[in-house]
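So the structure is just underneath, and the comments pick up after that.
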Amino acid sequence: MNNLHEPLHDLAVFAAVAEAEGFSRAARRLSLSKAAVSTAVQRLETRLGVRLFQRTTRKLHLTAAGASALPHIQRALLAARDALQAASEMQTSPRGVLRVNAPMSFGLLHLTPALGAFARAFPEIEVDLVLDDRVLDLVEGGFDLALRIGALADSNLVVKRVGTSRNVIVAHPDYLSQVGTPEQPADLAEHAALLYSLSQSGPRWTLSRGSHSETVRLKPRLTANSSLALHQALLQGLGLARVPLFVVGTDLKQGRLVRVLPEWQLPDQGIFTLQTTREHVPVRTRAFQEFLSERFREPAYWENGLGPECSLNPPR
C-alpha cells in the first residue's frame, strides 16, 4: 500500500474494529480479510507505540489509550470524508476561487465589466483577477486561467482561441487637420507616433493591401506601456497610434477619433485562454472559459463601436 495513504487507512480500520467490537465483523464491513485488518491495527499500534485493544478469548476491549484516541480518530476520518466530498462537488458544481491573469487594457475595458454577468450566472465562484501586461508564469502565479492577446511563445500550456483583436491606425481629427492626413504608408514616417512599448515590432509597422505589404519606421513622440495611456494621448491630439479596436471602437463610431489609411490592414491578433493542463480542470475554470468564448465570439461587439454594456453577444 502507498505509504502516503497507509496511516489514514490504518486509522479507518482501527475505528471500524472499535465500532464493530471485533476483527471479523470489521473485516466483513470493510471487505477485507481478517488478516489484513489485524495487520493494519498492529501497524498502527507500532507507529503509536501503544496497545489499542485488549484481546481476550471471548471479547475485544479498547485499552485506555485506544478509548482516548477513538473520538479524535473518528473526527479526523469525518473531516477527511468531508474534504473529499467537497473536492468532488467542486468538480461537479462551479464554486471556489478562480485566479485569472489578463492584460491591463483589455481587462479594464472588457473583462471587468463582464464580471457582473458572470457572478450572477455563477454566484459561488470567487474571481481573483490579476491585471498585468507582462507575461506572468501561470504555475508560479498560481493562476487557473490566463488571457493573452497576440503571438504566443511556444510552451506546454493548453491554448484555446476565444476571439480576435484587430489593430487600426487612428488619430484625432484636430491633429490631422494641423499636419495633414497620410495617403500612403510611407507618409507615416513623417508623423508623430504614439507607440506601445511592449510591442514586439518596436517602432516599425507593417501594413498590407491585398498581396502587397510595406514596413514603415516611425518617429516616436510618446512611448507607453499601456494602450489606455496611448488612448488618452490620442484624444489630446498628440499624434497617431496603432491600437486595438477594442480600445477605440466607440471613439471611431462617435467621431472622436478617425481611422488613418483604412484601406490598409494590420495583422489581426488572437485572444486566447491559457491553462497549465487539460486534465482534471476544475469546473469553475471551464465555466469561465466558456463564458469568455461566448462573450467575445466574433464579430465582437467592439467591431461595431459598441461598449460591453450593450454587447451584441451577451452571455447565454
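If packing is taken as the average number of other Cβ atoms within 10 Å across a peptide's residues, how do 16-29, 125-138 rank, most packed first?
Listed from highest to lowest mean packing, they are 16-29, 125-138.
Is it possible to state the helix-based mean residue ellipticity at 222 nm for the chain, with each DSSP H run of 4+ residues giving -39500 (n - 2.57), the sum divided by total residues, to the nearest 500 deg cm²/dmol? What is it?
Rounded to the nearest 500, the figure is -11000 deg cm²/dmol.
What whole number of Å gives the distance from the Cα centroid of the range 96-123 to the Cα centroid of the range 124-202?
18 Å
Over the range 142-268, what is the percentage of antiparallel beta bridges among all DSSP beta bridges, to the nearest 5?
65 percent
Determine the relative contact order of the range 20-165: mean sequence separation of Cα pairs under 8 Å and six or more apart, normalised by residue count, in whole percent.
Normalised by residue count, the contact order of the range 20-165 is 18 percent.
Normalised by the residues of the chain, what does the relative contact order come to in percent, with Cα pairs under 8 Å and at least six apart?
20 percent
Can you tell me, using C-alpha contacts under 8 Å and at least 6 residues apart, the relative contact order of the range 215-316 as a whole percent?
Computed over the range 215-316, the figure is 26 percent.
Positive end of the dipole of the chain, charges at C-beta (+1 Lys, Arg; -1 Asp, Glu), about the Cα centre: which of TYR196, LEU228, ALA67 has its Cα farthest in that direction?
ALA67
What does the charge add up to near TRP205, with Lys and Arg as +1, Asp and Glu as -1, over the other residues with Cβ less than 13 Å from its Cβ?
Counting the neighbours of TRP205, the net charge comes to +2.
Excluding ALA18 itself, what net charge comes from residues whose Cβ is under 14 Å from its Cβ, given Lys and Arg +1 and Asp and Glu -1?
For residues surrounding ALA18, the net value is +2.
What is the order of THR277, THR63, fewest Cβ neighbours within 10 Å to most?
Listed from fewest to most nearby Cβ atoms, that is THR277, THR63.
Using per-residue counts of other Cβ atoms within 10 Å, averaged over each peptide, order 96-104, 73-81 from highest down.
Going by the mean number of other Cβ atoms within 10 Å, highest first, we get 96-104, 73-81.
Quick note: the coordinates plus some simple rules give every number you see, no bench work behind them. Fair warning: this is a prediction, and the values are worked out from it, not measured in the lab. A quick note on method: Cβ atoms are made from the backbone with ideal geometry, for glycine too, and the neighbour counts reach across all protein chains shown.
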